[in-house]
1. Among residues belonging to region 421-439 that are in contact (Cβ under 8 Å) with a residue 24 or more places away in the chain and open to solvent by less than 40 Å² (accessible area, probe 1.4 Å), point out the one that is nearest to residue 490 (Cα to Cα).
2. Go through (1) touching a Phe, Trp or Tyr at 6+ places or on another chain (Cβ under 9 Å); (2) surrounded by fewer than 23 Cβ atoms within 10 Å (Cβ to Cβ); (3) not in a loop (DSSP other than H, G, I, E, B) for residue 390 and report which single condition fails.
3. I'd like the residue in region 333-359 that is at pLDDT below 95 and among the small types (Gly, Ala, Ser) and, out of all such residues, is nearest to residue 512 (Cα to Cα).
4. When residue 484 is evaluated against the numbered criteria (1) in contact (Cβ under 8 Å) with a residue 40 or more places away in the chain; (2) of a type outside the set (A, V, I, L, M, F, W, C); (3) outside any loop (DSSP other than H, G, I, E, B), which criterion, by number, is the only one it fails?
5. Considering only region 106-116, I want to know if a residue exists there that is farther than 18 Å from residue 465 by Cβ, out of contact with any Lys or Arg (no Cβ under 6 Å at 6 or more places or on another chain), open to solvent by less than 40 Å² (accessible area, probe 1.4 Å) and among the β-branched types (Val, Ile, Thr).
6. When residue 262 is evaluated against the numbered criteria (1) of a type in the set (A, V, I, L, M, F, W, C); (2) part of a strand (DSSP E or B); (3) open to solvent by 20 Å² or more (accessible area, probe 1.4 Å), which criterion, by number, is the only one it fails?
7. Would a scan of region 3-10 turn up a residue that is modelled with pLDDT of 95 or more and aliphatic (A, V, I, L, M)?
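The values are calculated or read from the model by the stated rules, or taken from the named source; none is laboratory data. Every value quoted in this text rests on a predicted model; they were computed, and no experiment measured them. Glycine also receives a Cβ, built like all others from the backbone with ideal geometry; neighbour counts cover every protein chain displayed. Heavy atoms of the whole protein, side chains included, go into the accessibility calculation; ligands, DNA and RNA do not. Shrake-Rupley method; radii C 1.70, N 1.55, O 1.52, S 1.80 Å.
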Amino acid sequence: MNFKDLNPFQKEAVEYGDGPLLIVAGAGSGKTKTLTSRLLNLLKNGAEPQSIIAITFTNKAADEMRDRIYKLISSQVDKVKSENLQTYKFTNLFIGTFHSLGAKILRKDGKFFGRTIGFTIYDSDDSLRVIKGIIKNFNLDSKKYSAPQMQRKFSAIKSELVDLTEESADSYDMTIKALFNEYELALKNNNAFDFDDLIEKVVRLFREQEEVFKKYQKEIKHVLVDEYQDINTAQYHFVRLLAQSHNNISVVGDDQQSIYKFRFSDFRNFLNFDRDWPGAKVVLLEQNYRSTGNIIKAASAVVANNKYQRPKTLWTENSDGELIKIIEHENSDFEASYVATLINSKLNFSNNKPKSVGILYRTNSQSRAIEQALIENEIKYRIFGGLRFYERKEIKDIVAGLRYGLNPKDSVSLERLEKNFNKKIYLEFKKNLPQKSENVSPLEVIGYIIKTSDYFGYLERSYLNFKERRENIEELMNFAANFKSLGDFLERVSLLGPLDNKDSAQTADVHVNLMTVHLAKGLEFDEVFVIGCNEGLLPHQMSYSSGDEIEEERRLMYVAMTRARNDLYLNFYNLPSRFLYEIPPQFVEFVGGQPLDDEERYIEIN
């Protein structure tokens with residue numbers, strides 16, 4: 001197999017022999033290419049495909065790895081036979097997610113947990129329905145023991161391998177323990193596993209069923225893991241058990257891009273790898289192939305302020321490129337207008353039109369202003385991993401109330417109120433909303449709807465991401481505060497609705513991509529605009545009480561910055577993020593954010 005296009009450090013990792021291997025891969029350093037090439041090298045050296053397990057965190061990453069392998073194999077058909085790479089055996093090669101591997105194992109051995117081979121895998125909504133039923137049967141206060149809260153606690157119990165019979169589980173009260181046990185019984189009675197079971201139950205299987213465990217130890221000789229910095233406790237033990245008999249474990253990741261603590265990931269597993277696996281080979285991939293020199297140096301300077309990390313020096317042979325632009329704005333709407341107008345200028349006036357643009361933000365509620373500005377500038381865009389602002393359930397619920405208040409003949413809005421509110425609230429709204437909406441501001445009507453229905457309480461009782469949903473409504477309220485007339489506000493909302501851009505957003509010539517920083521991980525764009533680089537947003541105010549949380553917020557900033565290939569714009573209003581002060585001044589240029597005509601703005605920036 002030809003590995004001539006690998007740099008010396010990638011090649012060192014690829015060609016390393018048996019034993020534990022940690023590949024510390026900086027942003028844009030070719031980690032997927034390296035891990036894929038290592039897998040191919042194992043096959044080249046005689047490893048049987050069925051003895052290799054390659055684990056990723058997403059199906060997309062698994063598909064990418066699989067595609068790369070097949071392309072490399074098919075491009076060297078003449079060498080396949082001589083290098084022990086028989087393509088017919090590839091059906092036995094496992095490349096997939098933790099959960100798909102767990103499901104595969106439980107299909108064979110789920111009988112030890114009272115399940116048949118045809119068991120159902122419950123998603124989050126399925127689990128939530130089961131938990132709601134149990135809480136109702138226990139006749140508990142749904143405010144104190146809300147289903148989403150219990151769902152998260154149950155997920156924590158499984159993800160962190162908590163044994164509720166031990167003293168260490170005393171932080172869980174007896175009611176929670178009883179609810180959890182009832183939930184487990186309900187899953188068994190329904191011949192179902194939830195997503196957390198697909199890892200936790202396999203760990204239990206390996207620990208409790210020695211003969212089964214020995215079977216997998218005998219079959220599996222090599223374990224490769226992508227994004228190792230993101231594993232939680234259960235995944236850590238899953239991997240450790242799979243590899244403990246042969247020590248042939250190869251992991252790749254970057255602790256500086258560990259941003260999923262809310263999913264119970266613990267990047268200390270990554271930091272402690274060579275402690276867990278004595279004699280482990282550690283290879284640093286520090287050459288970045290993605291970004292300009294200024295972006296790399298600036299992002300590295302920011303993340304260097306974190307106390308807990310595995311130090312590395314990211315570098316690139318790319319040019320230094322343009323200075324990073326830091327832009328102050330009056331408020332979020334001015335910020336959005338500025339960004340949209342600048343993008344419009346680049347797409348329509350520039351001879352070097354960017355092929356891709358990423359607009360990144362910390363919270364989903366921030367998309368309201370930028371979506372509005374893009375629509376007003378007739379810029380096609382797509383949102384990754386989420387709904388457009390006005391398509392979100394909580395926004396549609398509130399807007400339905402406003403529309404019915406303005407127009408009592410609106411049967412569609414009335415039908416939504418009937419469907420999404422209890423009967424008592426619905427009848428109160430049907431009778432009183434039109435009257436309450438007369439001669440008052442849209443903000444006052446929203447306040448009436450929320451207070452009368454205890455809508456925020458409803459969100460907390462019903463959804464795990466209730467804080468995000470509340471932030472969305474608060475953003476709607478911020479926008480509504482700019483209007484005195486309910487009619488004017490609803491007219492504006494309607495003109496900014498989801499149909500304006502829905503079809504065109506799916507066309508091939510869409511250059512602008514909106515997403516949270518969390519969803520941007522693993523992606524890259526010619527130009528990146530990070531909006532809301534404010535104290536309270538990035539870092540988020542909920543992180544202020546914990547040094548560990550602030551460090552994760554700083555890693556989020558690092559991830560956001562390193563998504564950019566060529567140009568990076570960091571935007572803020574109100575109080576600038578502390579992270580902006582951590583960028584050395586030689587890498588940045590401060591730019592005014594006042595509205596300009598398209599051509600003037602393009603000239604100013606460039």
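1. Result: 437.
2. Condition not satisfied by residue 390: (1).
3. Restricting to residues being at pLDDT below 95 and among the small types (Gly, Ala, Ser), the top hit is 356.
4. (3)
5. No: zero hits.
6. Unmet condition: (2).
7. no
For (1) under 19 Å from residue 471 (Cβ atoms); (2) modelled with pLDDT of 90 or more; (3) charged (D, E, K, R), each residue gets a yes or a no:
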{"residue": "491", "(1), (2), (3)": "no, no, yes"}
{"residue": "501", "(1), (2), (3)": "no, no, no"}
{"residue": "505", "(1), (2), (3)": "no, no, no"}
{"residue": "509", "(1), (2), (3)": "no, no, yes"}
{"residue": "532", "(1), (2), (3)": "yes, yes, no"}
{"residue": "574", "(1), (2), (3)": "yes, yes, no"}
{"residue": "577", "(1), (2), (3)": "yes, yes, no"}
